[in-house]
Amino acid sequence: MKNLLRSLAAVLAAAVLLPALTLPARADTGESDAQIAAEWQTAWDTYHFATTTPPPAPGSGRSRVTSSISVEIASPIGHVFAAYSDINHHIGRAAFLTRVVTHQQWVDHNVRYINFTALEDVPYEGTVVNLKTHAQQRINDKGYFYETDTWSEPNVVTHQKIVFECLAGGSTRVTERLTFEADTSLIDFVVANGVASHQQTQAALKQAIESGQL
């Protein structure tokens, strides 16, 4: 198990720390979108990853850490919110994210719900490892914020709240409050690399929005 976790940690580190590397052809997992949707449902039913729970108890083997990062974007809040909250705009900007499979979308009380799986292709020891992150996003257009809950191997859960704030001069501040939960042996790695990955994505979205690409 330790070797498996160490190998996975190396793969995740590659996803965060080697963003400039040219990717080989996308790994073919042979899975259909329907099969990926079934995996999403299994993760949802098993781990209840969008459910708010008390912090893990000391000695439970699980830990939870919260961090916050912000970026200021020189563009009006309406435009920034629409561009930033669209997960498909993260493709090619988040490290190794190659595809998003959307399983279900609906609106309830003016909140848009999106169930999806993010697929990443990570070069690792001469091959490409396909990683999946199962997620639910809830977008509140009127409140200018959205929330995303995710689950990925090895039982890593994140709770994210992204808030958009008008600034003087027509700029927008985007603040991401990120809560990570993982096995205690992995939590420091998960937090450090998770925060670094989100900061990279923030910078890429800022550049794309301010340049007019988005």
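The values are calculated or read from the model by the stated rules, or taken from the named source; none is laboratory data. Note that the coordinates shown come from a computational prediction; the quantities given were computed from them, not determined experimentally. In this analysis, Cβ positions are derived from the backbone assuming ideal geometry, glycine residues included, and neighbour counts consider all displayed protein chains. These area figures cover heavy atoms from the full protein model, side chains too; ligands, DNA and RNA do not enter into them. Shrake-Rupley method; radii C 1.70, N 1.55, O 1.52, S 1.80 Å.
Local charge for Ser152 was computed over the other residues whose Cβ lies under 10 Å away, with Lys and Arg +1 and Asp and Glu -1, and equals -1. For the chain, adding -39500 (n - 2.57) for each run of n ≥ 4 DSSP H residues and dividing by the number of residues yields -10000 deg cm²/dmol at 222 nm.
Averaged per residue, the chain has 51 square angstrom of accessible surface, using a 1.4 angstrom probe with ligands and nucleic acids left out.
For the chain, the relative contact order works out to 26 percent when only alpha carbon pairs closer than 8 Å and six or more residues apart are counted.
Distance from the Cα centroid of region 164-204 to that of region 85-137 is 16 Å (rounded to whole angstrom). With no solvent and one equal point scatterer per Cα, compute the Debye intensity ratio I(q)/I(0) for the chain at 0.08, 0.16 Å⁻¹ and report its log10, rounded to two decimals. One equal scatterer on each Cα of the chain leads to -0.28, -1.19.
For a straight C-alpha distance cut-off of 14 angstrom, the aspartates and glutamates reachable from Lys142 (same-chain residues fewer than eight places away being disregarded) are Asp108, Glu165.
Can you tally the net charge around Ala38? Count Lys and Arg as +1, Asp and Glu as -1, for every other residue whose Cβ sits under 13 Å from the Cβ of Ala38. Around Ala38, the surrounding residues sum to -3. Heavy-atom accessible area, probed at 1.4 angstrom with all protein chains present, ranks Ser152, Ser185, Ser211 as Ser185, Ser211, Ser152, highest first. Charged neighbours of Gln213, selected by a Cβ distance under 12 Å, balance to +1 (K, R count +1; D, E count -1). Taking the accessible area of the chain, probe 1.4 Å, and keeping the other protein chains in place, the carbon and sulfur fraction comes to 54%.
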